[in-house]
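All remarks here apply to the structure that follows.
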Amino acid sequence: MGDSKEAGTEAPPAGTAARGGLSLLSQGESEEPSAQGSALFLGGNEVKSRAVVKYSSAPPRTAFARLQEKTDLKLPPANWLRESAKLGPAGTTILGNSRKSKPFSSFGMAYDFIDSVGNDVDVVSDSENIKKLLKIPYSKSHVSMAVHRIGRTLLLDELDIQELFMRSSQTGDWTWLKEFYQRLIDQKWQRKKKSKEHWYQKAILSKFLYYSINGDGAAQPVPSAAEQQESSSADQTNDSDGASWPAPFEMPSSVSEDPSASSQGGEPLEPSYIVGHVASAPKEQNLTTLFNDGENSQGLKNDFARNILWTFEDIHMLVGSNMPIFGGGRYPAVSLRLRDNNKPINVLTGIDYWLDNLICNVPELVMCFHVNGIVQKYEMIKTEEIPNLENSNFSTKVIKDIAQNILSFLKSNCTKEGHTYWLFKASGSDIVKLYDLTTLCEETEDKYQNPFTMPVAILLYKVACNMMMKKNQNKKHYGTVRTLLLNCVKLLDKSRHPQIIASANYMLSELFQLDEPKKEESSESPLNENSDESYSEEEEEMPDSDENGSYSTCSDPSDDNKAVAIIKSVGELSVPEKYKSIHQIRPSCAFPVCHDTEERCRLVLSYVLEGLKSVDSSIKKESDLPAADPNTPIPLKYEDESTRGGPEGLEKQMALFLDKMGSLQKGNYSSQSGMIPGSWQHKMKLQLILKSSKAYYVLSDAAMSLQKYGRALRYIKLALQSHDTYCCLCTNMLSEVLLFLSQYLTLCGDIQLMLAQNANNRAAHLEEFNYQTKEDQEILHSLHRESSCQGFAWATDLSTDLESQLSVSCKCYEAANEILQFSDLKSQNPEQYIQVLKRMGNIRNEIGVFYMNQAAALQSERVVSKTVSTAEQQLWKKSFSCFEKGIHNFESIDDATNAALLLCNTGRLMRICAQAHCGAGDEFKREFSPEEGLYYNKAVDYYLKALRSLGTRDTHPAVWDSVNWELSTTYFTMATLQQDYAPLSRKAQEQIEKEVSEAMMKSLKYCDVDLVSARQPLCQYRAATIHHRLASMYHSCLRNQVGDEHLRKQHRLLADLHYSKAAKLFQLPRDAPCELLRVQLERVAFAEFQMTSQNSNIGKLKTLSGALDIMVRTKHAFQLIRKELVEEFDQSKSEETPPAADSSPSLNREEVIKLLGIFESRLSFLLLQSIKLLSSTKKKTSNLEEDVLLKTNKQIYSQLLRATANKNASLRERIDVLVHLLDQLARGGGGGGGGGALQ
């Protein structure tokens, strides 16, 4: 650009760099420490002023040419009205202040300095408007300004009533305002023509400026398009002013910067000429606004020579100025003014000059005096001396008070964001009135007639975009962003501006963090959730008043009841703090508190729906598409279970799904609505659909945690339908979006699994699944415009078949896993990959258990056929295959515990296979088959693998103990079956005994009786049973064995050892008295068997003594039985019902009676043998001890015979007698003369 400048040329303190076009200075350049303003001390009053030039397109300052005395300014200079870089934009527009400001000039500045709007700047305006406001108490001229609020910032623009109504009479715009103006303010309005003197003064000033720069003959650079202005002369001004007021949405006749705009002429612009495009990266809030140059065509161009951040006392203003500044030599920066020597400087002119120099930070003023156009003299005045000039004395303190009062008045009353307010003071009047034009406009037929609507809406949108894009933006400002966007949407016509409305609604949905729980909202002040405004109605309508009654409403009903607020007298503005605002504009608005996840997601979906409606309305007319009523549910294509073929049908659907996933990588695009890829509709709809899928996913997850599985499935179905549509529209699938899909399918698998496990509430789940809100129907309707949404139907159907549900769940996890294989997502998201594999392992375990239980059920139902059916074998294969895959899943992620559990289940399956083979053959001829042995050994292998997988008990004690128990059970079952159904047709007795013994000992090895746990009593009982069985086996061997004395002795010792251990272990649990009694009786029988092989009476007596000693020790078992009988009797008595024969589940009466009979007979036999042997020895030798023993045994034997002879005695009475007799026997010394057997 030809007017590029050096830094610091605008005003010596400013320290700024110029720019071409509309590029902005960086923060560092614009606010460096050298950018100091001036602090002025005038008349004892201190006024603080600081100006920082934010942007300048003005030329380098050059010295002005001092005109010679008697120069005639009525004669035009040679360069007059030629465009000059030295004067900048002010050259052909005559100092800037003689040309009317454009009605949207403040918006042009606001767009360029979007960071300042709504936050740290109080006012954005043209310097001429600022000066006019501050001169209100001194001036009788009329004031007419439009006021808009964005956050805490007020935008002020001139509202030229005369020009406005001239425009209205030609185009029909603003007719409602013209009628209102004529009715309430000036009934006989007519255009006032400007005097010849006015045009004379403008022309002479223009010539003076061109003379002042003509002294320098330097070459003039060619100005750029950004600086080109329409030529205006004394004759042309009247016509050129008309173009500065555009009709709503119409291209003005002036040349636009956009080359393509020139061909459009006066054609209406497309409704989407201003765009907020949201980029397609889902996580980053990349909300870059791609505004084209269309805004310039609406008069929204920032065409000031410089934009200055001016701080006047505590008021921060962004001001646009076109005042030419000269310098050079001993004058670093001066402003140049032309004055008629015959007219003294008045207060208004003095304030004008003073404020111009303050705003532009110019320290001196040069005035050229003339008489009738003939130059007389020059005079230089310092800026701080201007308030003290003769005839123009004014107090800077009063100016400061006026500024503060006007700002307070406007801030207190212009409270509604997006509304257009009109500040009006009639010519010669002292009363200032403020009207809300938006409210007045809404009362007319077309509420969108207000031309300010569009620029205000765009500015609200841009400020919101800017706040959203800031990386360090604290979430506490989200309330402000939400208010800005809601007000933006409220202002716009949906049919005319679908793009902005869609973008605003998308940004509103982005404000709510779906993936984070509610944290900080609760600590902030809650907002009335139904209010779209940042203020309550009371605040908006309450007039601001202090003790002096500053704001009043006039009693004249014809006029002032339409005004929002009134200043009764302009003199009040000079009173310090007269209008001190008590309603400060809030820096931010509270964000609505969502009490739960569902509420937050529903809010998001409501914004998404509005966005989708805007996009859809802009694509095609509804008639161009298949008709569908959004209020009626869309019929979904359900397939009959039989036609789908259950899990087999799923395989085909999965193959189709994977093909589709592969095609996504190639970027296939298919849209039914005819959207053009890359268009704003395409990009926006993609983002909105993705947002809806996330919201539905979060809703589904929340429903899942509440155990509302039917609702969860409905939401995940909607999420997957959204995603399916996204896939149809997407031309380049992002890995991030594929990751979302993997998460959706994982959750869908979880839901299907939970539905399978909660089949009891199937009716309630089905009802929840089929319910649909109107909002969901409308979103689905928008999705169906683009795709059939059937891509994931296989995953989201609510089946009534358990197997089908489990299979669908498994396929969901498999699909999620397949997706993670794409684009190397597996390595980028290891946690997600591990979770999916864990779930795959788990569901395969569930399916394996399902098939295993089915096989077990078939086995139990098998009555007629003793052979294994094909159906059972198929179920085994399916179950085994699932377990095997599940084990592989867990092993691939080093999950030893779960792998061990699946190995354990596989072991259980092998045991079921073994049990299935035990039924083959006749029950009476039954033998332990080789198939049983094979499967039991396989089961053992799997249990041992499980133990190896765990490594040590510390890995997972509960699982370790469980595997040990199952392994012990397997060995025990195998040994028991071999013992009970000995395969004598295939093996020798000795080999079978050896195998049984080995299996029993291994079972004991994995059965820890000392470990304190819930399973300890079971372990003790198992160990006791093993010892009992081994003892019985060795006892049996001893009976049947002939010959080998060494082996007989070994068997005798082993039998005695195991009987002893069994007796000890059976005494530990309190619920096994019968088992203890049986073991003791077998020990007695073992003693009797030994006695038959003895020849000497002494040996026999010793054995008898041992046997009686065992009998004495059975007292503990009888006491346990008696205790249970008493408890049983007491219980039946309390229930007043007669005791049944088997009323106690823990006590088998028949077994007790049978064992009691055997015990009585064996005791009787032992006592009789003892008496016989003692009697025979007595004849040979006399021994006192033996005599006592014989006597005792006789007495006990006598009592026993009498007791057994009483057939009417009850079980309890019989036991009481036996316990009494055993006590006597214990005191009497038993069989005497020898030690008892081992216990």
- Query: What's the extension gain from SER429 to ALA65 if we count 0.36 nm per residue and subtract their Cα-Cα distance?
  - Reply: 126.8 nm
- Enumerate the whole-percent occupancy of each 10 Å bin, from 0 to the last occupied one, for all C-alpha pair distances of the stretch 985-1084. 16, 43, 30, 10, 1
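On the accessible surface of the stretch 725-842, probed at 1.4 Å, how many percent belong to carbon and sulfur atoms? Kindly include the intermediate steps, with their values, before the conclusion.
Values: 1930 of 4170 Å².
So the carbon and sulfur contribution to the accessible surface is 46 percent.
Given 20 °C and 1.002 mPa s, compute D for the stretch 777-914 with the Stokes-Einstein relation, Rh being the Kirkwood radius over Cα pairs; round to the nearest whole µm²/s. Can you show the working numbers first?
Values: Rh = 17.2 Å.
Approximately 125 µm²/s, per Stokes-Einstein.
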- Provide the three semi-axes, in whole Å and in decreasing order, of the ellipsoid equivalent to the stretch 1031-1133 as defined by the square roots of 5 times the Cα gyration tensor eigenvalues. 32, 15, 10
- Computed log₁₀ I(q)/I(0) - Debye formula, equal Cα scatterers, no solvent, the stretch 351-431, q 0.17, 0.18, 0.19, 0.22 Å⁻¹: -0.91, -0.95, -0.99, -1.11
- Of THR897, SER879, ALA857, farthest towards positive along the dipole that unit charges on Lys, Arg, Asp, Glu beta carbons give the stretch 853-916: ALA857
- Listed here are the pairs LYS132/LYS562; LYS494/LYS613; LYS425/LYS562; LYS131/LYS301; LYS1172/LYS1194; which of them are more than 18 Å apart at the Cα? LYS132/LYS562; LYS131/LYS301
- How much length is gained on full extension from SER395 to TRP199, taking 0.36 nm per residue of separation minus their Cα-Cα distance? 67.3 nm
- Whole-Hz couplings from phi, Karplus 6.51/-1.76/1.60, listed for the stretch 790-798; x for Gly and Pro: 9, x, 10, 4, 4, 8, 10, 6, 8
- Might you tell me the accessible area per residue for the stretch 909-1065, computed with a 1.4 Å probe and given in Å²? 50
- Message: Quick check: residue separation of THR1092 and ALA763 times 0.36 nm, minus the Cα distance between them. What number comes out in nm?
- Response: 111.0 nm
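Strictly over 20 Å apart at the Cα level, which of LYS54/LYS135; LYS54/LYS202; LYS433/LYS578 would you flag in this model?
On the way: LYS54/LYS135 26 Å; LYS54/LYS202 30 Å; LYS433/LYS578 16 Å.
Going by Cα-Cα distance, LYS54/LYS135; LYS54/LYS202 fall outside the 20 Å limit.
Among 401-411, 195-205, how do they line up from the highest to the lowest mean number of other beta-carbon atoms within 10 Å? Don't jump to the answer; show the numbers that get you there.
Details: 401-411: 22.5, 195-205: 14.3.
Order by mean packing, descending: 401-411, 195-205.
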- Message: Just to confirm the filter: which trypsin sites (Lys or Arg not before Pro) across the stretch 909-1018 are DSSP coil and have at most 11 other Cβ within 10 angstrom of their Cβ?
- Response: LYS925
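Per the 1.4 Å probe, what fraction of the accessible area of the stretch 872-1001, in percent, lies on carbon and sulfur atoms?
Details: 3130 of 6030 Å².
Answer for the stretch 872-1001: carbon and sulfur cover 52 percent of the accessible area.
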- Item | Positive dipole terminus of the stretch 882-1032, leading residue within LEU934, TYR1006, SER985 (C-beta point charges) | SER985
- For the stretch 804-959: lysine pairs with Cα atoms under 24 Å, gap of 8 or more or different chains, count? 22
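Show me the ranking of peptides 119-125, 568-574 by mean Cβ neighbours inside 10 Å, starting with the highest. Spell out each step's value before the answer.
Numbers: 119-125: 22.1, 568-574: 16.4.
Most protected by this proxy first, the peptides run 119-125, 568-574.
Hey, what's the Cα Rg ratio for the stretch 697-812 versus the globular rule of thumb, 2.2 N^0.38 Å? Numbers along the way, then the final one.
Details: Rg = 13.9 Å, N = 116, 2.2 N^0.38 = 13.4 Å.
The stretch 697-812 yields a ratio of 1.04.
Quick one: which of 357-364, 1030-1037, 374-381, 52-59 comes out on top by average Cβ neighbours within 10 Å, and what's the full order, highest first?
Working: 357-364: 23.0, 1030-1037: 21.1, 374-381: 14.6, 52-59: 25.5.
Result, highest mean first: 52-59, 357-364, 1030-1037, 374-381.
Please give the FRET efficiency for ALA78 paired with TYR378, using the beta carbon to beta carbon distance and R0 = 25 Å, rounded to the nearest 0.05. All intermediate terms of the calculation are to be shown ahead of the outcome.
Working: r = 22 Å, r/R0 = 0.88.
Efficiency, from the Cβ-Cβ distance: 0.70.
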- Message: For the stretch 713-849, what does the accessible surface come to per residue with a 1.4 Å probe? Please give it in Å².
- Response: 32
- Query: Taking the Cα-to-Cβ direction at GLU1185 and at LYS140 and moving 7 Å from each Cα, how far apart do the two end points lie in nm?
  - Reply: 15.1
- Item | Estimated FRET transfer efficiency when R0 is 25 angstrom, pair THR773-LEU706 (beta carbons, to 0.05) | 0.90
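If a/c stays under 1.5 just call it rounded; otherwise compare a/b with b/c (prolate if a/b is bigger, oblate if not). Do that for the stretch 759-840, with a ≥ b ≥ c from the square roots of the Cα gyration tensor eigenvalues. Present the calculation step by step, with values, prior to reporting the outcome.
Values: a/c = 2.48, a/b = 1.32, b/c = 1.88.
Oblate, because a/c is 1.5 or more while a/b does not exceed b/c.
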- If you bin the C-alpha pair distances of the stretch 803-866 every 5 Å from 0, what whole percents do you get? 4, 17, 19, 16, 12, 10, 8, 5, 4, 3, 2, 0
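The values are calculated or read from the model by the stated rules, or taken from the named source; none is laboratory data. Treat the numbers as computed from the prediction; the structure is a model and nothing was measured. Counting neighbours? That spans all protein chains shown, and the Cβs are built from the backbone with ideal geometry, glycine included. Just so you know, the surface numbers come from the protein's heavy atoms only, side chains and all, with ligands and any DNA or RNA stripped out. Shrake-Rupley method; radii C 1.70, N 1.55, O 1.52, S 1.80 Å.
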